[in-house]
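Notes to accompany the following structure.
Readers should treat all values here as calculations from the given coordinates under stated rules, not as data from a laboratory. Everything quoted here is computed from the prediction, not taken from an experiment. Here the Cβ positions follow ideal geometry from the backbone for every residue, glycine too, while neighbour counts run over all protein chains shown.
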Amino acid sequence: MKNLLVCIDDSTYTRSVVDHAAWAAQRLHAGVELLHAIDRHPERPATTDLSGSIGMDTDQALLNELAGLDEQRSRLAMARGHQLLDAAKADLQQRGIAEVRDCLRHGNLVDLLEDEQAAHDLLVLGKRGEAADFARLHLGGTLERVLRASTRPVLVASRAFQPIDKVLLAFDGSPSSRKAVDLVARNPLFAGLECHVVMAATEDRAATVHMDWAHTLLDALEITHRTEIIPGNAEEVIGGYVERHGIDLLVLGAYGHSRIRELLLGSTTTALIRRCLVPALLVR
């Protein structure tokens, strides 16, 4: 049986994350594990040593009170985490997903996923987290690190779930984008969806060879699709295509270039996730 690992937090994206997870679990007949991570930010230590700033003679009771407040925050965070998990679990079970487990862990989400992802077929999380709800032009601080660290496909939920009928494969011929084509061709998650394959490139021999490969594979597996090579910048070409054709899900290979190149020129993966207001499924 397939398994999904669904990461939820206290952001406004959690509703959408659960909705996308339900959609994927129903199509895959998969079980779901809900994960909520309580991460103590390194810049906010559990109990700050204030003795130097408030004076050595300060009543010890004040320091004890500060420690008590930190413990109270920790208890409240755990209570809120269990509340979020219980609500998401009940929601998924009401939709007929019988196998739903929940897990509350302390630690950094990226580190936790290194241990958890091996037992799962798909990760699901929101495009932005608790601190990024109103920063439309900025992705959640954890998202890119999760995408780079993941060895499993990652479904990135948009702000709100919409029925998914049309899928766009952003194809560039790279190994990760070829894996994405293969995933769409063979995985029941995409069965029956209208499939578009678009390459942002000049229509030269190299681009044609890459696109012929994708067309041949999809054709051999009897996947109804349309292919198109469009000159221009990938962000503008793919973003514009999503808007013009009412695409519901973007699928792409994640981070196909080196970190040095991306530092100099920017990451196409990050730009597309930021530009396109639809969920994205990324393949490493």
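Annotations for the structure displayed:
- For Lys2, the lysines whose Cα comes closer than 22 Å to its Cα, not counting residues fewer than 8 places off in the same chain, are Lys89, Lys179.
- Lys/Arg +1, Asp/Glu -1 at C-beta; the stretch 162-283 dipole; positive extreme among Val251, Ala201, Ala220: Val251
- Fewest neighbouring Cβ atoms within 10 Å first, the residues Thr270, Thr14, Thr224 line up as Thr224, Thr270, Thr14.
- Cut-off 14 Å between beta-carbons: net charge of the residues surrounding Met211, Lys and Arg +1, Asp and Glu -1: -3
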